[in-house]
Amino acid sequence: MILNDILEPLHVKGVKIKNRIVFPAFQANYATPEGFVTDRLLRMYEKLARGGSGLIITGGMAVSDDGSQGTKVLKVNSDEHIEGLKKLFSVIRENGSVPAAQLVHAGRQTSSVMTGHPVVAPSPIPCPVMKETPRELDDAGIKRIQDDFAEGARRVKKAGAGLIELHGAFGYLIGGFLSGFSNKRSDKYGTDKSLFFTEIIEKVRQEIGDTPISCRISADEYVNGGLTLNETRKLAPQLVKAGADIISVAAGTYASINHMAPTKEMGEGVHVHLAGAIRDVVDVPVICAGNIRSLHYADKIIGEHKTDFAAIARPQLSDPFFVKKSIEKRPVEECTYCGKCMYFLSGESCVSCPRNPEL
Ligand SMILES: Cc1cc2nc3c(=O)[nH]c(=O)nc-3n(C[C@H](O)[C@H](O)[C@H](O)COP(=O)(O)O)c2cc1C
């Protein structure tokens, strides 16, 4: 096996990423209940960085008090978080990867019990999985959360993030605004469903200057009335126009969770066709995620110009040295796609992996 394209560095807005392998955002529920960095998180990301991915994106960090997507997620809702995040980003950088921060607001895909605040969304329609009827955001609420994204971006930049990813995928708040599945508004945020997101990108850009921005989207939501590739092929260039430097292609929502973290049976590279179709309509690099199980396969899809970066999550969770060992042609602890890491489905409190008991 000769690896060509995947080991080529790529510069994104002046930031050098040493290869095309990404550890994408993976919320492990290892933070403190208040959203601070823990030793366990530092250990996890140190190993992943030593493992060799060019870009490591932290699990979604909640920007607002009402926007947490889990009980122990990282938060960036106050300056107090900067110090811990400095340690987190340093440990990633010192071990050779570019540290990126993913910023998220959960929208209707959370619960008031979890956040201690009312659930908010573009329209008062419950998520079919979480089932709590959200409050419809008014203009002041929209502005508050957009400003929270900008403030969160300022904080993670100050803490040393080399890239900032805005989570517009999976039906969380930004994704909720983008989609007819959850956005039934008749105001300007309903007639132009991309407006909530493009305004956030512009506000974030004002705070962070030249730091690159990745926008993660579900290129197809795989739900009735939800986003389809036809729509997201129109959306992606709008995000680039607003300031996105990378489009990160994923798929699904809580109501189609098998696409958020695809099962083994769905096949290798289940969303490569989506990444390729988005890449055709934008002039910035694309990240593709979903059942990319070997560097050989990742190299192939990059060589075929279907994507610029390959995100590999669960295989790196199961063996944090997956990249290095694969390059050196050593055996890896292979992910069996047992589903144990999907702790929220099995009622467990955080991510675990039978293949990687040291997590
Ligand atoms: C437990 C778990 C947590 C995840 N957390 C996030 C997250 O915080 N943000 C995000 O954008 N994607 C998240 N994802 C999705 C992953 O980034 C990735 O797209 C998905 O696991 C598919 O890639 P893989 O087949 O290489 O695992 C998560 C997935 C799992 C299983």
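We did not get these values from a lab; they are worked out from the coordinates using the rules stated. From a predicted model like this one, the values you see are computed outputs, not experimental measurements. In this analysis, Cβ positions are derived from the backbone assuming ideal geometry, glycine residues included, and neighbour counts consider all displayed protein chains.
Before rounding to the nearest 500, sum -39500 (n - 2.57) across all DSSP H runs of length at least 4 in the chain and divide by the residue total; then give [θ] at 222 nm in deg cm²/dmol.
So the calculated ellipticity at 222 nm is -10000 deg cm²/dmol.
Which entries of LYS72/LYS325; LYS18/LYS325; LYS47/LYS203; LYS18/LYS203 show an alpha-carbon separation above 22 angstrom in the structure shown?
Pairs exceeding the cut-off: LYS72/LYS325; LYS47/LYS203; LYS18/LYS203.
Determine the equivalent ellipsoid of the stretch 157-260 by diagonalising the alpha-carbon gyration tensor, then write out the semi-axes as square roots of 5 times the eigenvalues, largest first, rounded to whole Å.
With the √(5λ) rule applied to the stretch 157-260, the semi-axes are 23, 16, 11 Å.
Assuming 0.692 mPa s and 37 °C, estimate D for the chain with Stokes-Einstein, Rh taken as the Kirkwood radius over Cα pairs, in µm²/s.
165 µm²/s
Report, in listed order, any pair from LYS143/LYS188; LYS86/LYS340; LYS13/LYS241; LYS131/LYS264; LYS157/LYS306; LYS16/LYS157 with a Cα-Cα distance greater than 19 Å.
Beyond 19 Å between Cα atoms: LYS86/LYS340; LYS131/LYS264; LYS157/LYS306.
Could you work out how far apart the two model spin labels at GLU304 and GLU8 are, taking each label as a point 7 Å from the Cα in the direction of the beta carbon, and quote it in nm?
1.7 nm
How big is the antiparallel share of DSSP beta bridges in the stretch 1-151, given as a percent to the nearest 5?
Roughly 25 percent of the DSSP beta bridges within the stretch 1-151 come out antiparallel.
Using the per-residue mean of other Cβ atoms lying within 10 Å as a proxy for protection, in what order, highest first, do the peptides 195-201, 328-334 fall?
195-201, 328-334
Tell me, CYS335, CYS288, CYS215, CYS350 in order of fewest to most beta-carbon neighbours within 10 Å?
Lowest to highest Cβ neighbour count: CYS350, CYS335, CYS215, CYS288.
Round to the nearest 0.05 the FRET efficiency obtained for SER78 and ASP147 when R0 = 22 Å and r is the Cβ-Cβ distance.
With R0 = 22 Å, the Cβ-Cβ based efficiency is 0.95.
Provide the percentage of antiparallel DSSP beta bridges, counting only those with both residues in the stretch 5-346; round to the nearest 5.
Taking every DSSP beta bridge with both residues in the stretch 5-346, the antiparallel ones total about 10 percent.
For the stretch 219-359, state the average projected area of the convex hull of the C-alpha atoms over all orientations, rounded to one decimal in nm².
It is 9.6 nm².
At 0.36 nm per residue, and after removing the present C-alpha to C-alpha distance, how many nm does the segment from ARG135 to ASP192 gain when stretched out fully?
Here the answer is 18.5 nm.
Taking every pair of distinct Cα atoms and averaging 1/r, then inverting, what Kirkwood hydrodynamic radius in Å comes out for the stretch 87-195?
15.0 Å
Could you pull out every residue, at least 5 positions away or on a different chain, whose amide H is within less than 5 Å of the one on SER68? Hs are placed 1.01 Å off N in the peptide plane, and Pro or chain starts have none.
Amide H neighbours of SER68, under 5 Å, 5+ apart: ALA106.
Return SER111, SER123 ranked ascending by Cβ neighbour count within 10 Å, so the fewest neighbours appear first.
Final ranking by Cβ density, sparse to dense: SER111, SER123.
Counting other beta carbons within 10 Å of each residue's own, what order do HIS81, HIS296 fall into, fewest first?
In increasing order of surrounding Cβ atoms, one gets HIS296, HIS81.
Name the residue, out of HIS271, HIS11, HIS305, whose mean-square fluctuation peaks in a Gaussian network model built on the chain with Cα pairs under 10 Å.
HIS11
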